[in-house]
1. In region 73-85, how many residues are open to solvent by 10 Å² or more (accessible area, probe 1.4 Å) and under 21 Å from G193 (Cα atoms)?
2. How many residues does region 92-114 hold that are open to solvent by 40 Å² or more (accessible area, probe 1.4 Å), more than 20 Å from P266 (Cβ to Cβ) and not in a loop (DSSP other than H, G, I, E, B)?
3. So which residues in region 47-72 are hydrophobic (A, V, I, L, M, F, W, C) and open to solvent by less than 30 Å² (accessible area, probe 1.4 Å)?
4. Consider T44 against the criteria (1) surrounded by 22 or more Cβ atoms within 10 Å (Cβ to Cβ); (2) part of a loop (DSSP other than H, G, I, E, B): it satisfies all of them except one. Which criterion is unmet?
5. Just one of A118, A88 is more than 23 Å from D211 (Cβ to Cβ), crowded, with 18+ Cβ neighbours inside 10 Å, more than 12 Å from the chain's Cα centre (by Cα) and among the small types (G, A, S); which is it?
6. Got a sec? Which of A75, A63 is under 30 Å from F160 (Cβ atoms), within 20 Å of the chain's Cα centre (by Cα), of a type in the set (G, A, S) and part of a strand (DSSP E or B)?
7. May I ask you to verify whether L32 is assigned to a strand (DSSP E or B), open to solvent by 10 Å² or more (accessible area, probe 1.4 Å) and either under 29 Å from D177 (Cβ atoms) or among the hydrophobic types (A, V, I, L, M, F, W, C) (or both)?
8. Is there any pair with a first residue in region 285-306 that is assigned to a loop (DSSP other than H, G, I, E, B) and at pLDDT below 95 and a second that is open to solvent by 80 Å² or more (accessible area, probe 1.4 Å) and not hydrophobic (A, V, I, L, M, F, W, C) whose Cβ atoms are under 7 Å apart and which are 6 or more apart or on different chains, and what are they?
Amino acid sequence: MAEINNDAAEEGDGQLLSTLPKKEGMWKPFFLYRGCWLTPRTVTSITLLQSQFAPRPDDVVLATFPKCGTTWLKALAFAVANRSRHPAGSGAHPLLTTHPQDLVPSLEVPHRDVHPVAGLDKLPSPRLLSTHMPPSLLPPGISALGCRVVYLCREPKDVFVSSWHYMNRVSADFSPDMDATFELFCEGFSLYGPLWDHVRGYWEQSVAEPDRVLFLKYDDMMADAGKHLKMLAEFLRAPFTDEEVSGGAVEDVVALCSFENLKSLPVNSSGVSDRIGGLPMENSSYFRAGKVGDWKTHLTEEMAKKLDCIVEEKLRGSGLTF
């Protein structure tokens with residue numbers, strides 16, 4: 001199993017990091033940068049991105065908190081945006097031979113201290129990009145130019161369980177103690193956390209600018225993928241035509257991008273890739289269960305109630321509920 005290279009991961013902008021709050025726990029020291037807990041190199045990567053990234057008006061950013069369906073959203077958005085060139089029902093679709101993580105590049109990774117931001121400038125327009133950053137950390141030009149953002153959130157208890165399994169798989173230094181990790185999560189201490197600030201930030205943007213920010217829920221999409229896929233297509237300015245709908249194009253994309261199908265493909269179930277920079281991971285680590293309500297088999301009733309109460313309090317007054 002591929003493991004995290006902690007020496008590389010500990011590197012960062014020492015001058016900036018020395019001014020930030022620091023907390024030990026989970027699998028490495030995290031630093032609180034503009035209200036968001038990040039690894040040292042992620043702080044450096046984001047600061048470089050903020051100063052160097054040149055957004056374009058037709059950019060689309062897929063935003064998620066970690067372990068909220070990022071890979072699935074990338075597959076769906078890529079398939080919808082590129083279906084004129086690559087019909088989902090064809091036997092030569094890029095998703096059959098390329099990992100979804102590699103079809104939609106991330107803004108802040110691979111780490112921009114080694115992989116320059118200028119690499120994003122070489123991508124043709126319209127660019128489909130992704131990020132785990134909260135809205136407060138996005139390069140300012142993204143909002144100013146009206147770049148569209150698709151945000152996918154997930155039930156917080158499922159986010160915690162998925163994150164815990166993921167870190168146990170990819171990091172030898174991660175504490176396997178679920179109870180201790182849960183307490184940290186409830187304090188808002190997790191990569192890109194606190195979760196509730198992340199979700200609320202995008203939710204409030206979607207309420208204020210519904211034409212620019214599309215807010216989706218993982219559970220709702222799993223319950224009716226076709227309905228939400230058509231919403232996504234409309235937002236991407238690539239609506240399904242009546243002919244496509246009657247011809248089964250929506251169902252073709254849903255089937256191609258289903259968790260079961262993507263997980264079974266050799267490109268996603270085997271091999272190791274380094275998409276972050278010094279942190280090689282097995283391609284299969286992006287696919288575990290993908291289930292709604294998986295938390296029920298891992299959390300006690302007391303743990304579930306505790307996290308529910310915290311999230312409810314943190315989101316109070318926003319109009320957002322889980």
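1. 0
2. Going through region 92-114 one residue at a time, the tally reaches 0.
3. Once the filter is applied, which keeps residues that are hydrophobic (A, V, I, L, M, F, W, C) and open to solvent by less than 30 Å² (accessible area, probe 1.4 Å), region 47-72 yields L49, F53, V60, V61, L62, A63, F65, C68.
4. (2)
5. Criteria check complete, one pass: A88.
6. Going through A75, A63 in turn, the sole match is A63.
7. yes
8. Hits for this filter: F287/K263.
The values are calculated or read from the model by the stated rules, or taken from the named source; none is laboratory data. Note that the structure is predicted; figures quoted are calculated from it, not measured. Every residue, glycine among them, receives a Cβ derived from its backbone with ideal geometry; neighbour counts consider all protein chains shown. Side chains are part of the model used for accessible areas, which takes the heavy atoms of the whole protein and leaves out ligands, DNA and RNA. Shrake-Rupley method; radii C 1.70, N 1.55, O 1.52, S 1.80 Å.
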